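Scroll down for the structure; my scribbles are underneath it.
The values are calculated or read from the model by the stated rules, or taken from the named source; none is laboratory data. Model, not experiment: these values are computed from the prediction. Don't worry about glycine lacking a Cβ; one is built from the backbone with ideal geometry, like all the others, and counts go over all protein chains shown. Keep in mind that these areas ignore ligands, DNA and RNA; they rest on the heavy atoms of the full protein, side chains included. Shrake-Rupley method; radii C 1.70, N 1.55, O 1.52, S 1.80 Å.
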Amino acid sequence: MSHIDEGVLRAYHDHELSASEQAHVTRHLAQCEGCATHAQRLAARAAWLDAHFTLPEQSAYPTPQQAYSRFVARRPSDPPLRTLEVNPMQRTAFWRRLPTVKVAALVATLLLVLTLTIGPLRTVAADFLRLFRVERVTVLPVELDNMDGARFDSLAQQAQLMAESFEIEIVGESQEVSNAAEATDRLGYPVRLPADQTVDALNIEAGVSMHGTLDEAQLESLFYYAFENKLDLPSSIDGKPFKVVVPPMVRAELGEGCGDYRERARNGCVTLVQLGSPIAEFPDELPVLRLGELFLQLVGYDSAEARELARTIDWTSTLVVPIPSRDMESQSVTVDGVEGTLLTSESDSAAFHQRYALIWVREGKLYGLAGHGDPAPAIAMANSLR
Amino acid sequence: MNYIGDMSQQSGARHVEFEQLFDAHWMRLYRLLLRVVGDPDQADELALDTFWALHDQRGQIETDAIGAWLYRVAMNKGLNALRARQRRARYEAEAGHLHLTQTVRNPITEVERADERAAVRTVLLEMKGRDARLLFLRHSGFSYAELAEVIEVAPGSVGTLLARAEKEFERRYRRMMTGKGEEA
């Protein structure tokens, strides 16, 4: 006689099974001492927990009518925290977006944060400038629940204020191209596609460039609001130029019938993106390690962990990708002749949520492959790029 | 279907629809948040914030998904508020400014109950976010179908996830209480 699964026993206790399943479990429990004991233990634990989740004593609850009057009487003085509203969806939304939106968009978003974290860099033409160029990708496991929505919101608001004084330009032109040769011709570097794969769509998507001068007071205020933390910047940083460039990206939809988002998973579509390394140039005086620490705190690490971890990252050349550690797993894989990072959704996620993304850097280009289900074919595909 | 328009400009019909939505979900939402944060004023404020967030979505949420969306957002707001409060308490304690601000009706039992509820929240904040949400929601009376929607998991996995979360909660709670000198 096979035993009843723990989840079914738990649902049985809550009368959440169908009538026939409920009856089946009842019959089984009458005959199986092991399952009966297990069921009793689960029931006792559920009751014990119930007793720990009591509501605090309160004479009366506000009625919907009372609450609604207050609701219409005043709009909250603080706007709702955008990140808090986004958070509940973040786990799945991250995966939902990744295959379709593009790694470049992710890179662009990350760059906003990366602009704060770039490191003691190689000197370029001007002595006072430092250069950030992606040479490797590192995955940073983060606990979404440790991320502070309010901090993100403050940071975003302050960054938006700062960005108003920056020059932002579109780099290149978004357009559909017919094959890799045309894409190569337009971008001026070899665009690679996997061998023996149907290309459902091939597009070049415009990049973006942002440049301006740094404002010491604005930067300090940004950190004060976001971290309640004073950032001592050298006054010489004031007025120094900076530049961030995310080059145009090639995006290929591999497979058939990839245009319909709902059918993509069923059709086994895979998205391949490739782009030149995003580049950031910043004044030499930027206290990079400290900024790295604050970035790590922003994504949920406590100050001691952040300090320690920040020292282990080469901020000059590493694209730091925060991933929600509870929902995703990462591993190093050899891909396209280099070491890449494979991100997969956790195995206990619902099957329709399972996703993977493969990210690697080769010869100064950043590549990403994303799709649904088993990642093995994607690795083979990446290895066949030519 | 767009339930929600600009409150200042919306038509009478839409206004009524939003009010009906408010009526239908207010009490459950408020009680859920009260269970999470333990403070009536804060629960009230967070519940109103949640409805404002819904209002700001301006019809971007499918009608069928509004309930799950509301409770998902509320849970998130609640847990964030709890976390912020814990952090604030830690800062204050570190700065030597910790003081008890709660008023108590029956000093002994209320303090014990409040202490117990605080311990429950501490344990829940240490747990996986999904597990904490699952426990708050289930022990607030949400059905398995509702849990599956709010937590975004397959309905058939709720029993297993719940059993696992409860076991984990008990383990952590007993360990914490043992640490405080209570018999496990």
> Which of the residues belonging to segment A:253-289 are over 30 Å from residue A:315 (Cα atoms) and in a strand (DSSP E or B)?
Replying inline: A:253, A:254, A:270
> Taking segment B:35-58 only, how many residues are more than 24 Å from residue B:145 (Cα to Cα) and either at pLDDT below 80 or among the charged types (D, E, K, R) (or both)?
Replying inline: 8
> Does at least one position in segment A:57-71 carry a residue that is in a helix (DSSP H, G or I), within 7 Å of another protein chain (Cβ to nearest Cβ) and open to solvent by 50 Å² or more (accessible area, probe 1.4 Å)?
Replying inline: yes
> Hey, any hits in segment A:206-229 for a residue that's of a type in the set (D, E, K, R), open to solvent by 70 Å² or more (accessible area, probe 1.4 Å), in a loop (DSSP other than H, G, I, E, B) and modelled with pLDDT of 80 or more?
Replying inline: no
> If a residue has to be touching a residue at least 40 places away in the same chain (Cβ under 8 Å), closer than 22 Å to residue A:5 by Cα and open to solvent by less than 20 Å² (accessible area, probe 1.4 Å) to count, how many in segment B:143-171 make the cut?
Replying inline: 1
